[in-house]
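The next block holds one structure in the form of structure tokens; read it before the comments.
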Amino acid sequence: MNTTEHDESEGRRPPTTSTKEGAFELELTPSSFREWVRDQPGARFRPEAGRYHLYVMYGCPWAHRTLIVRALKGLERAIDIAAVHYRLNEEEGLGWTFSPDEPEPLYGLRRLRELYTKAAPDYSGRVTVPVLWDKREQTIVNNESSEIVRMLGGAFD
């Protein structure tokens with residue numbers, strides 16, 4: 001089973017299955033955006049201070065580990081963050097939303113799905129955190145936490 005990201009898109013909880021032993025397991029799909037930040041000539045996404053924005057949900061362990069690496073590497077000034085509200089908006093079917101107390105700083109978005117469709121207008125997949133956003137190219141670089149951790153840990157040296 002692939003357990004890459006915590007996701008509850010558009011107010012629906014991820015599907016679960018039950019094992020023979022009665023344990024429930026999340027059925028998660030692979031991450032959709034899998035580009036890399038590389039410190040190589042000709043790379044589309046190069047490490048540059050101020051170019052990237054990290055979207056997280058503080059209660060999500062997958063997103064939280066990207067915050068830990070960001071702090072350990074001293075990238076707080078190089079990579080800004082925005083957090084979705086800790087509570088998934090299931091009642092209104094909005095999915096991950098930004099709190100009115102902490103609005104989305106780049107575009108004034110209300111829902112994280114809006115960021116996904118800004119990157120890919122026809123996107124209809126799952127909306128997950130964390131998201132590494134490229135402010136210059138106006139697109140999602142990656143939404144797989146383990147890969148974001150490796151990029152933060154190596155590309156920004």
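Here Gly95, Gly108, Gly153 are screened, and the one residue that is over 25 Å from Ala71 (Cβ atoms) and touching a residue at least 60 places away in the same chain (Cβ under 8 Å) is Gly95. If the condition is being surrounded by 10 or more Cβ atoms within 10 Å (Cβ to Cβ), modelled with pLDDT of 60 or more and not hydrophobic (A, V, I, L, M, F, W, C), then the range 15-39 contributes Glu25, Ser31, Ser32, Arg34, Glu35, Arg38, Asp39. Screening Glu92, Glu48, Glu35 for residues that are among the acidic types (Asp, Glu) and over 17 Å from Leu132 (Cβ atoms) leaves exactly one candidate, Glu92. Test Val56 against the stated conditions and say whether it is touching a Gly at 6+ places or on another chain (Cβ under 6 Å), under 28 Å from Arg87 (Cα atoms), surrounded by 12 or more Cβ atoms within 10 Å (Cβ to Cβ) and modelled with pLDDT of 95 or more. So Val56 fails the test.
The set of residues from the range 130-157 being in contact with a His (Cβ under 9 Å, 6 or more places away or on another chain) and of a type in the set (Ser, Thr, Tyr) comprises just one member, Ser145. For the range 131-150, the tally of residues that are within 14 Å of Arg70 (Cα to Cα) and over 8 Å from the mean Cα position of the chain (by Cα) stands at 5. Scanning the range 64-101 for residues that are modelled with pLDDT under 95 and either aliphatic (A, V, I, L, M) or closer than 18 Å to Arg46 by Cα (or both) returns Leu88, Leu94. When the strands (runs of 3 or more DSSP E) confined to the range 55-157 are screened for residues that are over 22 Å from Arg38 (Cβ atoms) and out of contact with any helix residue (DSSP H, G or I) (no Cβ under 8 Å at 6 or more places or on another chain), those reaching at least 1 such residues are found at 79-83.
The requirement of being at pLDDT 90 or above and not in a loop (DSSP other than H, G, I, E, B) is not satisfied by Ala43.
The values are calculated or read from the model by the stated rules, or taken from the named source; none is laboratory data. What you are looking at is a predicted structure, and each value in this text was computed from that prediction instead of being measured. Cβ coordinates were reconstructed from backbone atoms using ideal geometry, including for glycine residues, and neighbour counts include every protein chain displayed.
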